[in-house]
Structures are given as structure tokens and as C-alpha cells.
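J.: To start, I am sharing the structure in question, which I have written as C-alpha cells.
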Amino acid sequence: MIRGEERDEEDEDGAAYTIPFGSLVCEQDANSVLLKWQHIETNAREELKLAGDGAVAITAALEAVDGDRPLLSVASFARLTMFGFVSVNGVAFVGQKGVVFSPLGLLSAVVGRIRKFAADRFTRIERVEQAIEFTMSGKSKPSLWMDGSEVTIGAIAAWWSGQLASKVKAVTQPMPVVWYPDGNVAHRATATLVRGGLELEAIEDSNIRERNAGVHVIFESVSAMSLDAAPELQARIRGVLNRIWLLEGSRPQMLLRDHIKREAFTVWPEDWHVSQWKRCLGSFAAARMLLANGQEQVLYPVVASDSGKGILLTAPVPLRATATLFRGARIECELLTMRQGQVFRGTITRLAKDVMLEDDDEPKVEVELFPSSDEPLRRASRRSAHRVEVIERVRVALTMEYPEMPRMRGYLSDLSAGGCRVILDRGSYPEGISGRVRIPMKRGAATFECEVLHDLKEVRGEGRSSVGLRFIGLMEQGRSELQREVLWRERRNKKFAPGELKE
């Protein structure tokens with residue numbers, strides 16, 4: 001914004017004007033400049049005429065930085081520092097021809113003191129609290145500090161990329177870019193398409209560098225070149241959004257996009273530290289994989305081994321697919337034992353179905369996972385929802401993916417919004433298998449997808465087994481129905497004396 005003063009005979013204190021840069025129009029003659037703009041709140045057209053040496057200085061600055069193009073930003077307060085200690089206050093203009101600094105005070109009358117800085121002078125642009133700081137190359141070590149309350153660092157970085165792109169004529173490797181990681185600093189940098197990954201390095205400081213295998217780089221989006229900015233690509237690197245403007249045009253942008261997608265499943269040996277994942281290697285009753293869309297797939301039994309690039313899960317092909325697994329899917333995986341689970345997040349880097357192994361006639365499925373978590377988490381109890389004892393004899397039916405005993409009936413022992421316990425009429429189910437359970441409820445019978453968490457071989461000396469079931473793939477409606485059923489049964493239980501059972 002610009003703050004100017006207009007005095008008249010009746011108002012000795014003067015008036016202050018705040019001018020939004022987006023609608024600023026400048027008209028000038030030999031001794032004055034007329035500024036026209038649109039009021040921010042009322043949208044009314046306003047104007048201010050300035051005369052004298054100050055008007056000449058502002059006119060010269062606007063001509064130097066902008067011409068007839070709109071300004072990106074006008075800072076009413078800025079500071080130019082030379083040699084690290086000599087500072088001058090003034091006004092800064094950011095436009096299509098660079099950045100112009102116009103000194104205030106006595107120096108404002110001297111048009112020759114106006115300094116213009118081309119975009120290729122800047123090596124680093126940083127937000128410091130409410131200010132934007134430009135670091136430049138040169139013997140005098142100039143730096144420019146300007147008020148940044150009217151502009152974002154992202155907009156400044158996009159403008160910077162557009163300025164630099166106009167000076168680049170050929171495609172090179174490494175590719176020149178403006179690099180803006182999620183933070184407060186934009187860098188003039190280079191992007192190198194290395195084998196299996198991507199490297200970004202700031203030009204002014206080689207210690208500011210990101211070098212990552214493809215599995216850590218997730219493509220987000222691209223945007224075409226605009227009038228004011230170079231083509232942009234956005235990618236998440238280790239979970240952090242990075243904005244990259246390609247100064248050589250759209251062809252390098254497409255090369256970078258295709259490279260990121262092609263190397264998306266590459267893992268470098270230095271990324272895999274098997275010593276941190278020994279708890280996830282060996283034989284497990286089951287592996288539960290939860291996708292971002294809420295789908296779940298349970299494999300059982302599972303052997304987890306070290307593939308050299310991650311964890312390789314090998315299991316029989318499931319009788320029924322309950323989720324669509326694919327290469328590149330981000331999942332949460334839980335490896336189940338009898339009493340606890342090992343939980344981690346990861347990416348599917350390889351997927352193979354109907355694999356025939358030596359000395360094994362049964363087809364297998366292989367899923368290679370690269371963990372994105374720092375280490376696996378222990379999960380001792382997998383039923384955290386409030387549960388209620390079912391004191392009535394409620395008969396339920398189970399249909400499980402277990403050829404030896406696909407169908408079974410039993411009594412409901414307890415219920416929660418996350419699972420239930422069933423006392424079976426006969427036999428038992430191994431931990432990890434999945435299927436469906438049909439439960440009579442107050443509003444009518446409902447069927448839920450489930451998996452067996454654990455089983456007890458004997459219940460209350462009756463010689464029967466009970467199984468703990470966890471509901472999987474629950475939608476919000478199903479969870480709400482279960483919560484209402486739990487509350488209803490809790491109130492109903494209070495009507496009976498302890499130990500009393502209604503047939």
C-alpha cells in the first residue's frame with residue numbers, strides 16, 4: 001500500500017490515504033502525478049493528486065518497475081541495507097520489471113537515488129514476521145526489507161519465478177527452479193532428476209538440500225505458465241508440501257512430473273533400517289491392512305520377512321477380497337498375534353497375486369511394504385469402545401472364510417460399537433480370519449463384516465469356545481446403530497438383578 005498526504009487550507013493536520021495496489025492507476029504530467037484507485041470497502045473510485053519533488057520520485061519509481069502493468073505489491077515502509085550496516089528507509093515497489101526502492105526524506109527529491117533490482121539479483125526471499133526480506137548477490141551485500149502484510153511469500157515466489165523464467169532460453173540439467181518448501185523461505189535452486197529419486201538444492205547454500213528416494217516424493221498437481229509466473233509443480237516430500245516453479249518452461253515441468261510418477265515406488269538401501277523393524281518379522285496370525293478410503297483387507301496366516309527394501313508379507317490368497325490393494329497405496333498395517341498387534345503406516349511398493357512358492361501347492365499373495373512410520377507401535381488391546389454385557393440369550397450366526405467350518409451359530413456375550421464376543425455352539429475359529437456376523441438388534445437384525453481377534457478354548461467350564469470379533473469397514477450409519485444398541489442394552493440390564501438371566 002501507499003500512504004500519502006494531501007493538505008488544504010482548512011485542515012492543517014493533513015489526511016492519510018491507504019491505496020490498495022491491485023487497483024492503482026497512475027497518470028502524470030510534468031510536475032504532478034494523479035493516483036486513482038478503488039476503495040477496499042465501498043468500491044468507490046477515489047483519487048489523489050501529488051505535486052512537487054515527491055511526486056516526481058514516485059512517478060519515476062512506478063515507470064521503472066511497472067510501466068502499464070499491474071503492481072504485485074507496494075510497501076509504504078521498506079529498508080535498504082548496504083555492506084551489512086548502511087541502511088536507508090523508503091518505499092518499495094514490486095512489479096513486472098523487478099523491485100524498485102525509492103528513498104524517503106531529502107533523498108526522495110533526487111530521482112537518481114532510486115535503485116532498481118532485477119529478479120536475478122535475489123538468491124533468497126524470506127518472510128520474517130510481517131516483513132519480506134530479499135537477500136541479493138553483489139560486493140555491497142545489499143538486502144531489502146519491506147512490509148509484507150499485503151502479500152504472501154507464495155505470491156512473491158510465483159512472481160520471482162516468472163521474472164527468472166523470462167531470462168532462461170534452453171533446457172539444462174540440473175533444472176533451474178524457484179523452490180518454496182512449506183515454511184517462510186523461497187530459494188533460487190536447482191532440481192536434479194537422480195536415479196530413483198529427486199534432489200533439490202538451494203543455490204546460495206549447498207547445505208539447504210533435499211535428496212529423497214521416489215517413495216518419499218508424492219506428486220500433487222501441476223499448473224500451467226501464467227502471465228506472471230513460471231509453470232509450477234507441487235509435490236509432498238516426506239509429508240511436507242513443496243512448490244516448485246520450473247524456469248525453463250512447460251517441458252521440464254512434464255519431465256519432472258513423469259519422473260516423480262515413474263520413481264514413486266523406488267526405495268534406496270539407506271532408507272531401510274531393518275534393525276528398527278525386527279518386531280514385525282516372523283509368523284503372525286493375520287495382517288490387517290486399512291486403506292485411506294476406509295476399506296480393509298485381512299490376510300491370514302502371514303509370514304513377514306525382510307525384502308531388503310521393506311517388509312514382505314506372504315499369505316494364502318484370501319477367499320474374498322474386501323479391499324482393492326494396489327501398488328502405491330498408503331495404508332495402515334497391523335500384524336496380529338494372540339494378544340497384541342504391531343501397527344505402522346506404509347506404502348505398498350510391490351504386489352503379486354497367485355504366486356507359487358517351492359514345496360507349496362497353495363497360491364500365495366505377496367505384499368511388499370515400505371514403512372513411513374519411524375517405528376512400529378504396540379497395540380495391546382484392540383477393543384477400545386465401551387462394551388456392554390448381553391445378559392439375554394441372543395442367538396447370532398457367523399459366516400467365516402474358513403473351509404473347515406464356514407458357518408456357525410452361538411450366543412452374544414458382549415457388544416460394543418467396535419466389536420463383540422460370541423460363545424460358539426461348537427468348535428472354534430483361528431485368530432485373524434474374517435467373515436460376517438448377523439446380530440439381532442432392537443431395530444432389526446443387521447450383518448457386519450468382522451475379523452477374529454482371539455479365541456478362548458473354554459468358557460465357564462462349559463467346554464465351549466468363545467471368539468472376540470472386531471467389526472471392519474463400518475460406515476457411520478452402522479456405527480451409530482451399534483452405539484444406540486449398546487445404550488439400549490445398558491439401560492435394559494439395570495432392570496434385572498445381578499446374575500438374573502432372561503430366557
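The values are calculated or read from the model by the stated rules, or taken from the named source; none is laboratory data. A quick note: this is a predicted structure, and the numbers were derived from the prediction, not measured. Neighbour counts run over all protein chains shown; Cβ positions are idealised from the backbone, glycine included.
J.: Take the residues of the range 181-197 that are over 20 Å from Ser161 (Cα atoms) and within 22 Å of the chain's Cα centre (by Cα): which is surrounded by the most Cβ atoms within 10 Å (Cβ to Cβ)?
T.: Step one: list which residues in the range 181-197 are over 20 Å from Ser161 (Cα atoms), which gives 194-197.
Now narrow it down to the ones that are within 22 Å of the chain's Cα centre (by Cα): 196-197.
Values: Gly196: 15, Gly197: 23.
So, considering only residues that are over 20 Å from Ser161 (Cα atoms) and within 22 Å of the chain's Cα centre (by Cα), the one surrounded by the most Cβ atoms within 10 Å (Cβ to Cβ) is Gly197.
J.: Condition first: under 37 Å from the mean Cα position of the chain (by Cα), of a type in the set (Gly, Ala, Ser) and either at pLDDT below 90 or in the same structural domain as Ser480 (by TED's automatic domain parsing) (or both). Can you find one or more residues in the range 402-415 that meet it?
T.: Here is the first cut: in the range 402-415, the ones under 37 Å from the mean Cα position of the chain (by Cα) are 415.
From the residues that got through so far, the ones that are of a type in the set (Gly, Ala, Ser) too are none.
Looking for residues that are under 37 Å from the mean Cα position of the chain (by Cα), of a type in the set (Gly, Ala, Ser) and either at pLDDT below 90 or in the same structural domain as Ser480 (by TED's automatic domain parsing) (or both), one finds none in the range 402-415, hence no.
J.: Let me ask you something else. Mind checking which residues of the range 362-400 are of a type in the set (Ser, Thr, Tyr) and at pLDDT 85 or above?
T.: The first filter runs over the range 362-400 and keeps only residues of a type in the set (Ser, Thr, Tyr), leaving 372-373, 381, 384, 399.
Those that are of a type in the set (Ser, Thr, Tyr) and at pLDDT 85 or above: Ser372, Thr399.
J.: Consider Ala264 carefully, then state whether it is among the hydrophobic types (A, V, I, L, M, F, W, C) and farther than 24 Å from Leu377 by Cα. Explain how you work it out, then say what you get.
T.: Details: among the hydrophobic types (A, V, I, L, M, F, W, C): yes; farther than 24 Å from Leu377 by Cα: yes.
Yes; evaluated as a whole, the condition is true for this residue.
J.: Out of all the residues in the range 430-459, which are under 22 Å from Tyr300 (Cβ atoms) and basic (Lys, Arg)?
T.: Arg436, Arg438, Lys457, listed by residue number.
J.: Taking the stated definitions as given, is Gly214 touching a Phe, Trp or Tyr at 6+ places or on another chain (Cβ under 9 Å), of a type outside the set (Phe, Trp, Tyr) and under 20 Å from Val99 (Cα atoms)? Reasoning before the result, please.
T.: Numbers: touching a Phe, Trp or Tyr at 6+ places or on another chain (Cβ under 9 Å): yes; of a type outside the set (Phe, Trp, Tyr): yes; under 20 Å from Val99 (Cα atoms): no.
So Gly214 does not fit the description; no.
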